[in-house]
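> Attaching a single structure in structure tokens format; questions to follow.
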Amino acid sequence: MSYRKRLVERYWSTHYHRFEPGTAAEWDRVLDRIETSFGAFFATLPRDGRILDVPCGVGYLEAYLMRRGFTSILAADLSDEQLAVARRRLQERALDPDGRVEFRAADAFELLQDGTSYQAIAVLDFLEHLPKSEIIAMLDLCHKALAPGGLLFLRVSSAESPMWGAMFHRDFTHETPFTTVSLRQCLDVTAFEPLTIAHEVVPAAVGDGLSLYLKQRIVAAGRSVLCRFLGVPSGAFAEDLVAVARRP
């Protein structure tokens, strides 16, 4: 068994469980991230439009889409463990996936070649786990599987942050970081029309109290000063880049 397959099969229990939000409020903050980055684009899609989420991880996007009335979601992941966690998380949030979400254990590359057409494909937190040759192949497959005018949603690890090394290499399965320019290059070469490419804006941490407020203000001010000193955009400390592209 390859090292990648071993790590993917037990991705949640050997890695991601350390980072998954522990409270309902923290979980909702992750859904707020989706709304901030992609909400305006999801709002343009028909609620019965076919949407593919690959890999689906622990079900964040499924919860987000179900709460907004979407009814035809295919949530695929190579890890049975991740799929089990995703089903459990929806149940914990009183979200019944029956008839709205199909969970499927599948390889992303094989799934995208089965002839199904989608109005939208979400590939969140995945491309950075692939070598460069597979990234282009994945984008080509997404382009082919999207209906004309269909939308591709991406979130990838950013190499533009001054702290990117520590964040990127904390996950042994990471292979390729991106910049805004290199992400656009990949979309251009695979014939997508980029609609937006940006540093992700993450909602403020949940919690009450003056100490948390002051900490957030101090951190924000410090980053602003450092960005000016380094000559990088104000959002460059973001861990991820987000993008939406259209199949013409």
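> Quick check on segment 68-120: of everything there that is among the polar types (S, T, N, Q) and touching a helix residue (DSSP H, G or I) at 6+ places or on another chain (Cβ under 6 Å), which residue is nearest to Thr23 (Cα to Cα)?
Checked segment 68-120; the qualifying residue nearest to Thr23 (Cα to Cα) is Gln82.
> Check every one of the helices (runs of 4 or more DSSP H) wholly within segment 1-48 and list those with 1 or more residues that are within 17 Å of the chain's Cα centre (by Cα) and at pLDDT 90 or above.
11-14, 24-42
> Please enumerate the residues belonging to segment 155-202 that are in contact (Cβ under 8 Å) with a residue 60 or more places away in the chain, of a type in the set (A, V, I, L, M) and either more than 25 Å from Ala145 (Cα to Cα) or in a helix (DSSP H, G or I) (or both).
Within segment 155-202, Met163, Met167, Leu183, Val201, Val202 meet the criteria.
> Still on this structure, please answer the following. Based on what the data block shows, is Ala105 crowded, with 20+ Cβ neighbours inside 10 Å, touching a Ser or Thr at 6+ places or on another chain (Cβ under 9 Å) and more than 25 Å from Thr179 (Cα to Cα)?
no
> Which residue out of Ala191, Ala120, Ala166 is under 20 Å from Phe41 (Cα atoms) and more than 18 Å from the chain's Cα centre (by Cα)?
From the options Ala191, Ala120, Ala166, the qualifying one is Ala191.
> Say whether the condition of being in a helix (DSSP H, G or I) and in contact (Cβ under 8 Å) with a residue 12 or more places away in the chain is met by at least one residue in segment 94-106.
no
> Tell me which residues, restricted to segment 113-133, are out of contact with any Pro (no Cβ under 7 Å at 6 or more places or on another chain) and in a loop (DSSP other than H, G, I, E, B).
Gln113, Asp114, Gly115, Thr116, Ser117, Asp125, Leu130, Pro131
> Could you give me the residue pairs with C-beta distances under 8 Å whose first residue belongs to segment 43-63 and is farther than 18 Å from Val8 by Cβ, whose second residue is among the acidic types (Asp, Glu) and surrounded by 21 or more Cβ atoms within 10 Å (Cβ to Cβ) wherever it lies, and which are 6+ apart or on separate chains?
Pairs that qualify, where the first residue is farther than 18 Å from Val8 by Cβ and the partner is among the acidic types (Asp, Glu) and surrounded by 21 or more Cβ atoms within 10 Å (Cβ to Cβ), are Leu61/Asp53; Glu62/Asp53.
The values are calculated or read from the model by the stated rules, or taken from the named source; none is laboratory data. Owing to the predicted nature of the structure, the values given are computational and were not obtained by experimental measurement. So basically every Cβ, Gly included, is an ideal-geometry build from the backbone, and we count neighbours across all protein chains shown.
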